[in-house]
Amino acid sequence: MKSPWMSPNLNGIVLFVSILVLGAVAGAGLLGVDWGTGRVGPQGLPGGMIALLIGLLVLVFLLLYVFSMRLGLMLPVKKKGAGGFVCYLLFGLAAVGLEWFCARLAYHTISEVTSGLYFLAVWLNLIFLVVAIRSPALASILTFLLAGLIIPYQLILGDRLLRLQTEAGRIVSYAYEVRLKEQQFPPDLSGYAYEDKALEKFFSYGKSEDTFRLTWYVGTKGTSHWYSPEEGWRYYPD
């Protein structure tokens with residue numbers, strides 16, 4: 001029997017990638033994602049713990065990869081086509097799950113309209129499923145392309161959203177600390193030291209009388225997250 005590491009068996013490769021995607025979904029859950037709203041929570045796991053979990057997941061993925069490749073090599077020739085379709089189903093389900101999550105996340109990072117367009121794009125996977133009946137390989141390529149258009153950018157914005165929410169919490173705390181000392185909110189943020197300096201350009205701050213408003217955006221200036229003592233934490237998606 002050939003070495004599973006050198007086998008060109010497409011079924012095993014697709015299964016391996018689908019497991020990786022499922023691992024990414026699980027990692028998003030560990031990072032404090034609210035699957036009902038698509039929001040990324042302000043509290044996550046420490047970086048070292050995340051790195052350890054990723055390492056353990058990669059180890060498990062490699063073991064499953066070897067198993068799936070051996071299983072593919074043992075399948076009779078007549079059943080390899082069916083095996084390819086089953087592997088595409090696993091990959092497709094993983095891709096759809098992550099695309100759906102990113103479509104929800106887009107509501108909080110870009111806009112409500114873009115989120116709706118993403119949801120429409122997710123339905124294209126039904127067409128890919130029909131294609132997979134005749135050609136699992138072609139369907140896999142189409143699914144990869146669609147996932148590539150939706151997932152990477154939204155995961156980047158999701159990370160930025162998490163960092164912005166954390167920084168916003170620090171700024172609000174700073175404003176209230178200044179009020180305790182000086183009996184009024186700060187006129188601007190010149191006295192605030194950003195923990196994440198790269199995020200400064202996303203924030204704006206305004207003060208009027210005995211209140212203030214902290215506003216920030218994630219992916220587009222057409223949307224805005226904000227905090228004010230009267231309204232609390234709010235978001236406008238368009």
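The values are calculated or read from the model by the stated rules, or taken from the named source; none is laboratory data. In this text, all values refer to a predicted model and were calculated from it rather than measured experimentally. Positions of Cβ are generated from backbone atoms using ideal geometry, with glycine treated the same way; all protein chains shown enter the neighbour counts.
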Counting only residues that are over 15 Å from the mean Cα position of the chain (by Cα) and aliphatic (A, V, I, L, M), which one in segment 93-121 is modelled with the lowest pLDDT? L93
Note on segment 229-238: residues farther than 11 Å from A168 by Cα and out of contact with any Ser or Thr (no Cβ under 6 Å at 6 or more places or on another chain) are E230, E231, G232, R234, Y235
Name the one entry in G206, G191, G219, G232 that is small (G, A, S), in contact with a strand residue (DSSP E or B) (Cβ under 9 Å, 6 or more places away or on another chain) and not assigned by TED's automatic domain parsing to the domain that holds G92. G206
Residues satisfying the stated conditions in segment 179-204, i.e. in a helix (DSSP H, G or I) and closer than 27 Å to I110 by Cβ: K197, A198, L199, E200, K201, F202
Of (1) touching a Gly at 6+ places or on another chain (Cβ under 8 Å); (2) assigned to a helix (DSSP H, G or I); (3) without any contact (Cβ under 8 Å) to a residue 40 or more places away in the chain, Y176 satisfies every one except (1)
Anything in segment 87-135 that is among the charged types (D, E, K, R) and surrounded by fewer than 18 Cβ atoms within 10 Å (Cβ to Cβ)? List them, or say none. E112, R134
A careful count of residues in segment 103-143 that are within 30 Å of L162 (Cα to Cα), of a type outside the set (G, A, S) and touching a helix residue (DSSP H, G or I) at 6+ places or on another chain (Cβ under 8 Å) gives 13
Working only within segment 205-238, note down all residues that are of a type in the set (V, I, T), more than 25 Å from the chain's Cα centre (by Cα) and either in a loop (DSSP other than H, G, I, E, B) or crowded, with 18+ Cβ neighbours inside 10 Å (or both). none
